[in-house]
Amino acid sequence: MTPTKNSQNTDYNLEVKHAFKEFVDDKLFPCVAAKAALQRDQMHLFVAGHLACPKDDQEILDFIYTFVEKYRASKNDFHTVCVIFPETHSITEESFDRLLWNRLQALSDLDSLKYPYDKRVDTDPSSPQFSFSLGEEAFFIIGLFPGSSREARRFRYPAIVFNPHAQFEELRSLKRYDKMKNIVRKRDVALSGSINPMLNDFGDDS
């Protein structure tokens, strides 16, 4: 029996998702919050096409909206969404940054037709109070890409990780955030030799 195109796509998507889970589960991977989300089955993965292509934008948004509903209804910590773009090949770090912002802008433009911006954060990317918003839920964004200058961000395919901003504020209010942050930074130093300069605290820098 010859596999159908849909079954081939399903198998491929499962392989991509499995690769990402292995990436996070590696003992050297520094982010303990991501590991917790994986262990608790609260890591939601979506396989898209090319990072430069808008064809998957509505499906990505619908996936994130469903995630937001589940996240808001949950009493557990550590929820995350990752959108993976395995059809994106051979790009520089500068190109990745540009395509990442273009994709986020396209998602934001679509989202604005249905939802207002999360009022708990600023819309200005240069503001220390900025967070990205979809479905009226603020997110802390992380970009992964095989050519990243940071070893911890070198996944085999470009990907965008959406972490709900509110869950970090909740950890901060419970006096658990600083401990987690220090563990992640210590592990990142062990892996890469330095702290990621992009890991600023909300309210201190964008």
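The values are calculated or read from the model by the stated rules, or taken from the named source; none is laboratory data. Keep in mind the model is a prediction, meaning the values are calculated, not measured. Note: ideal-geometry Cβ built from the backbone for every residue, glycine included; neighbour counts use all protein chains shown. Calculation scope for accessible area: heavy atoms of the full protein, side chains included, ligands and nucleic acids excluded. Shrake-Rupley method; radii C 1.70, N 1.55, O 1.52, S 1.80 Å.
Given the criterion closer than 24 Å to residue 149 by Cα and in contact with a strand residue (DSSP E or B) (Cβ under 9 Å, 6 or more places away or on another chain), identify the matching residue among 37, 52, 48. Before you say what the answer is, go through the steps one by one.
Values: 37 fails: closer than 24 Å to residue 149 by Cα; 52 fails: in contact with a strand residue (DSSP E or B) (Cβ under 9 Å, 6 or more places away or on another chain).
Step by step, each of 37, 52, 48 is checked, and only 48 is closer than 24 Å to residue 149 by Cα and in contact with a strand residue (DSSP E or B) (Cβ under 9 Å, 6 or more places away or on another chain).
Here is a yes/no grid of residues against (1) part of a helix (DSSP H, G or I); (2) of a type in the set (Val, Ile, Thr); (3) touching a Ser or Thr at 6+ places or on another chain (Cβ under 7 Å):
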{"position": "88", "(1), (2), (3)": "no, yes, no"}
{"position": "91", "(1), (2), (3)": "no, yes, no"}
{"position": "104", "(1), (2), (3)": "yes, no, no"}
{"position": "113", "(1), (2), (3)": "no, no, no"}
{"position": "128", "(1), (2), (3)": "no, no, yes"}
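Within region 143-171, being aromatic (Phe, Trp, Tyr) and more than 22 Å from residue 48 (Cβ to Cβ) holds for one residue alone: 168. Would you check if there is a residue in region 33-52 being closer than 19 Å to residue 143 by Cβ, open to solvent by 40 Å² or more (accessible area, probe 1.4 Å) and assigned to a loop (DSSP other than H, G, I, E, B)? Taking every residue of region 33-52 in turn, at least one turns out to be closer than 19 Å to residue 143 by Cβ, open to solvent by 40 Å² or more (accessible area, probe 1.4 Å) and assigned to a loop (DSSP other than H, G, I, E, B). With respect to the conditions (1) out of contact with any Asp or Glu (no Cβ under 8 Å at 6 or more places or on another chain); (2) open to solvent by less than 40 Å² (accessible area, probe 1.4 Å); (3) closer than 19 Å to residue 103 by Cα, residue 19 lacks only one, and its number is (3). For residue 75, the criteria (1) open to solvent by 80 Å² or more (accessible area, probe 1.4 Å); (2) at pLDDT 95 or above; (3) basic (Lys, Arg) hold in every case but one, which is (2).
Return the residues of region 126-150 that are open to solvent by 40 Å² or more (accessible area, probe 1.4 Å) and farther than 27 Å from residue 23 by Cβ; say none if nothing qualifies.
Going residue by residue through region 126-150, those that are open to solvent by 40 Å² or more (accessible area, probe 1.4 Å) are 126, 128-129, 136, 140-141, 146-147, 149.
Passing the criteria: 126, 128, 129, 136.
Sub-6 Å Cβ pairs linking a first residue in region 147-161 that is closer than 14 Å to residue 85 by Cβ and modelled with pLDDT of 90 or more to a second residue that is part of a loop (DSSP other than H, G, I, E, B) and of a type in the set (Phe, Trp, Tyr), at least 6 apart or interchain, are 158/85; 158/145, ordered by first then second residue.
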